[in-house]
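Participant: Below are the structure tokens for one structure; questions will follow.
The values are calculated or read from the model by the stated rules, or taken from the named source; none is laboratory data. The structure presented is a predicted model; accordingly, all values stated were derived computationally and were not measured. We place every Cβ from the backbone using ideal geometry, glycine too, and count neighbours over all the protein chains shown. To get the accessible areas, we keep the full protein, side chains included, count just its heavy atoms, and leave off ligands, DNA and RNA. Shrake-Rupley method; radii C 1.70, N 1.55, O 1.52, S 1.80 Å.
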Amino acid sequence: RALATPDLESNIQVYREWAQKYENDVLSQGYSAPDLAAFELDRALVGFCAGTDKKAAFQKILDIGAGTGLVAERLRKYGYDNQDALDSSQDMLDVAKTKGVYKNLICADGNDEVSAFRARQPLSPEPLRPVVSS
């Protein structure tokens with residue numbers, strides 16, 4: 001249903017209605033994308049770091065399309081504890097906030113490059129090598 005929405009406002013309404021049941025609905029259907037995404041991202045970062053500490057090399061992960069934080073929960077198990085969430089649904093972010101896996105939660109349209117750029121600016125004054133997860 002969410003993929004069939006004609007515009008952003010319709011999409012936000014779908015997720016507003018679905019936010020509280022989202023995880024139960026998708027996980028009960030065998031949805032394994034969050035596990036796979038976290039595993040593959042960790043594997044790629046470990047390979048990219050080539051012997052250096054991955055947490056030191058990648059100070060922040062920006063999870064675009066973060067939803068309820070399913071990927072962030074799994075990334076935390078791999079040791080990534082400096083993650084920020086960006087999602088267009090405040091209701092999904094409200095669920096994610098209860099998990100305590102994000103430093104910052106940003107409600108913005110991730111498809112809008114200007115919004116995504118502006119949303120990233122206040123996250124940290126020091127230079128970053130951010131990782132974007134979706």
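Participant: So S134 passes all but one of these: (1) under 20 Å from L8 (Cα atoms); (2) open to solvent by 30 Å² or more (accessible area, probe 1.4 Å); (3) at pLDDT 90 or above; (4) of a type in the set (S, T, Y). Which condition number does it fail?
Facilitator: Only one criterion is unmet by S134, namely (3).
Participant: Check every one of the helices (runs of 4 or more DSSP H) wholly within the range 1-76 and list those with 1 or more residues that are modelled with pLDDT under 85 and under 18 Å from the mean Cα position of the chain (by Cα).
Facilitator: Filter on the range 1-76 gives 8-18, 33-49, 54-57.
Participant: Tell me which residues, restricted to the range 89-108, are farther than 12 Å from A19 by Cα and crowded, with 21+ Cβ neighbours inside 10 Å.
Facilitator: Passing the criteria: V101, Y102, I106.
Participant: Looking only at the range 69-88, count how many residues are out of contact with any strand residue (DSSP E or B) (no Cβ under 9 Å at 6 or more places or on another chain) and open to solvent by less than 50 Å² (accessible area, probe 1.4 Å).
Facilitator: So the answer is 3.
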